[in-house]
Amino acid sequence: MKKLTLQLTVILLIAFTFTSFKSEIPSNPILKKRSIGPPKTKKLQLEKPNVTIGFIKLTDMAPLAIAKFLGYFDDEGLAVTLEAQANWRDILDKVIDNQLDGAQMLAGQPIAAAVGCGRQAQLVTTYSMDLNGNAITVSNAIWSKMKDSIPEEYGRPVHPIPSYALKPALNFYKKMNKPFTFGIVAAYSTHNYQLRYWLAAGGINPGFYNNNNIQGSKGNTDADVLLNVTAPPQMPQTLKSGTIDGYCVGEPWNQQAVEETIGVPIVTSREIWKNHPEKVFVMTKEFVSKYPNTSIAITKALIKAGKWLDNPENRKEATRILSKSAYVDGDKHIIDNSMLGTFEFEKGDVRSIPDFNVFFKYNATYPYYSDGIWFMTQMKRWGQITESKPNDWYLSKIKEVYKPDIWIRAANLLLEEGFISETDIPYTDGFKPATTDFIDNMSYDGKKPVEYINGFKIGLKN
């Protein structure tokens, strides 16, 4: 009898303990869906599993390379072919003409196509590829004319270097009756708008586009400098030949100028606008409508790649992958310079910039409306958008292009599968808070683009 009583007591104790343990499990419906064990991808029924994606050989194509090389595309059931393209115009045309199913693009390209600048098309972005990542570089000859006007601290130039430090060189060129030319990668590129922003913040007029030259490369009406479109990989050689005097571009082409001792990066894009959006992943509206699950699967793989990239322990492996001929095809130690949290300005002037490349943190992959509207304000400021528009127009247009709803669907699936956490998903109406994180401390509120445009001393008014 005592033995039976003891057995019953043990059974009751176990049952009580198990019941108490279960009651402490939070009643989160998403958590209940997760399987026990390591994260596991749940494949969607793909309408188009074979996909071709275009890119330019820059380090910010990294999410594509990682998703391909580490098998994140494969995990989703996607057979992805990555194809390097010659320039940004080719990428735009091939996506519009359905020669590419999607591509890395300049953030301004799909927006320009929607607002009537350049070739018009219905393009959408479901994923922002990165933050920061660009710099402005000048030739050694220009740097020698700038350097004396820049204050120093501990024997090194004080950063960020304002554009008015460029004026001695501009005055010299003016006396010589010689044009001062900067290279940009495209008329609708982040680089164009960042270079213009930096120049204008220091009182240098980069010129305006006009009705006859909206798509043109120079935008040189009333300009103190000329702007000339040059493909990113050709920037260092074009600088070396003297065709241009400086350029704004992504990596590894600024660090390549340092490596070849032909130029000096003088300001990073993060110093112009802290944590600005850079490239975006773009598909056509038709593709997303016709192949919704495929579009979500691509976005899922890219979000996973972005998170992997922002783990500091993975960066050295990332630069090894990027240096491969199939991707950036550059020297690993040059790619390391910017990707591993440092950046070299003048030869030997290596500084810590841990956020030079951001691929996931700060909600980098989420396509914010306010980010896209900023590019539209600069299109208006410099004359690419020729007509005055109300605030509502800017919002309606960006909603045609930026599709955070697809990003949310992809992210929620990754949350259910256990690849990301709830804190990785922003709770937002699509707008970041107003910010003054610009080199000129101007306040930008994405919900008030007209007021922002009209606040600049140099620039066309709305």
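Name the pairs: first residue in the stretch 431-444 and touching a residue at least 40 places away in the same chain (Cβ under 8 Å) and under 16 Å from Leu395 (Cα atoms), second residue among the hydroxyl-bearing types (Ser, Thr, Tyr) and open to solvent by 60 Å² or more (accessible area, probe 1.4 Å), Cβ to Cβ under 8 Å, at least 6 apart or on different chains? Hits for this filter: Tyr444/Thr436.
Which helices (runs of 4 or more DSSP H) sit wholly inside the stretch 279-390 and have at least 3 residues that are in contact with a Gly (Cβ under 6 Å, 6 or more places away or on another chain) and farther than 30 Å from Ala201 by Cβ?
Details: elements: 285-290, 292-309, 315-322, 332-339, 369-381.
Result: empty, no element qualifies.
Select from the stretch 441-453 the residues that are part of a loop (DSSP other than H, G, I, E, B), more than 18 Å from the chain's Cα centre (by Cα) and surrounded by 15 or more Cβ atoms within 10 Å (Cβ to Cβ) and list them in ascending order. Correct list: Met442, Asp445, Lys447, Lys448. Evaluated against (1) open to solvent by 60 Å² or more (accessible area, probe 1.4 Å); (2) under 26 Å from Pro162 (Cα atoms), Thr423 falls short on exactly one condition, (2). In the stretch 239-278, which residue that is among the hydrophobic types (A, V, I, L, M, F, W, C) and either modelled with pLDDT under 95 or outside any helix (DSSP H, G or I) (or both) is surrounded by the fewest Cβ atoms within 10 Å (Cβ to Cβ)? Residue satisfying both the conditions and the ranking: Ile262.
Considering each residue of the stretch 356-376 in turn, none proves to be over 30 Å from Val115 (Cα atoms), touching a Ser or Thr at 6+ places or on another chain (Cβ under 7 Å) and open to solvent by 10 Å² or more (accessible area, probe 1.4 Å). Right, Ala135: surrounded by 18 or more Cβ atoms within 10 Å (Cβ to Cβ), small (Gly, Ala, Ser) and part of a helix (DSSP H, G or I) or not? Judged against the criteria, Ala135 is not a match. Taken as a whole, the structure places Ile335 among residues that are buried (at least 24 other Cβ atoms within 10 Å of the Cβ) and in contact (Cβ under 8 Å) with a residue 60 or more places away in the chain.
How many of the residues in the stretch 47-97 are part of a helix (DSSP H, G or I), open to solvent by less than 10 Å² (accessible area, probe 1.4 Å) and free of Cβ contacts under 8 Å to residues at least 60 places away in the same chain?
Within the stretch 47-97, the subset part of a helix (DSSP H, G or I) is 59-69, 72-75, 88-96.
Retained after the next criterion (residues that are open to solvent by less than 10 Å² (accessible area, probe 1.4 Å)): 59-67, 73, 88, 91, 95.
Checking which are free of Cβ contacts under 8 Å to residues at least 60 places away in the same chain leaves us with 91.
Within the stretch 47-97, residues that are part of a helix (DSSP H, G or I), open to solvent by less than 10 Å² (accessible area, probe 1.4 Å) and free of Cβ contacts under 8 Å to residues at least 60 places away in the same chain number 1.
Evaluation of Gly102 against the conditions (1) surrounded by fewer than 24 Cβ atoms within 10 Å (Cβ to Cβ); (2) in contact (Cβ under 8 Å) with a residue 40 or more places away in the chain; (3) out of contact with any helix residue (DSSP H, G or I) (no Cβ under 6 Å at 6 or more places or on another chain) shows that the sole unmet condition is (1).
For Ile406, state whether it is open to solvent by less than 50 Å² (accessible area, probe 1.4 Å), at pLDDT 95 or above and touching a Lys or Arg at 6+ places or on another chain (Cβ under 8 Å). It is false that Ile406 is open to solvent by less than 50 Å² (accessible area, probe 1.4 Å), at pLDDT 95 or above and touching a Lys or Arg at 6+ places or on another chain (Cβ under 8 Å).
Scanning the stretch 140-159 for residues being in contact (Cβ under 8 Å) with a residue 60 or more places away in the chain, open to solvent by less than 60 Å² (accessible area, probe 1.4 Å) and closer than 23 Å to Trp273 by Cα gives a total of 4.
The values are calculated or read from the model by the stated rules, or taken from the named source; none is laboratory data. Note that this is a predicted model, so its numbers are computed, not measured. No Cβ is skipped: glycine too gets one built from the backbone with ideal geometry, and neighbour counts run over all protein chains shown. These accessible areas exclude ligands, DNA and RNA; they are computed on the full protein's heavy atoms, side chains included. Shrake-Rupley method; radii C 1.70, N 1.55, O 1.52, S 1.80 Å.
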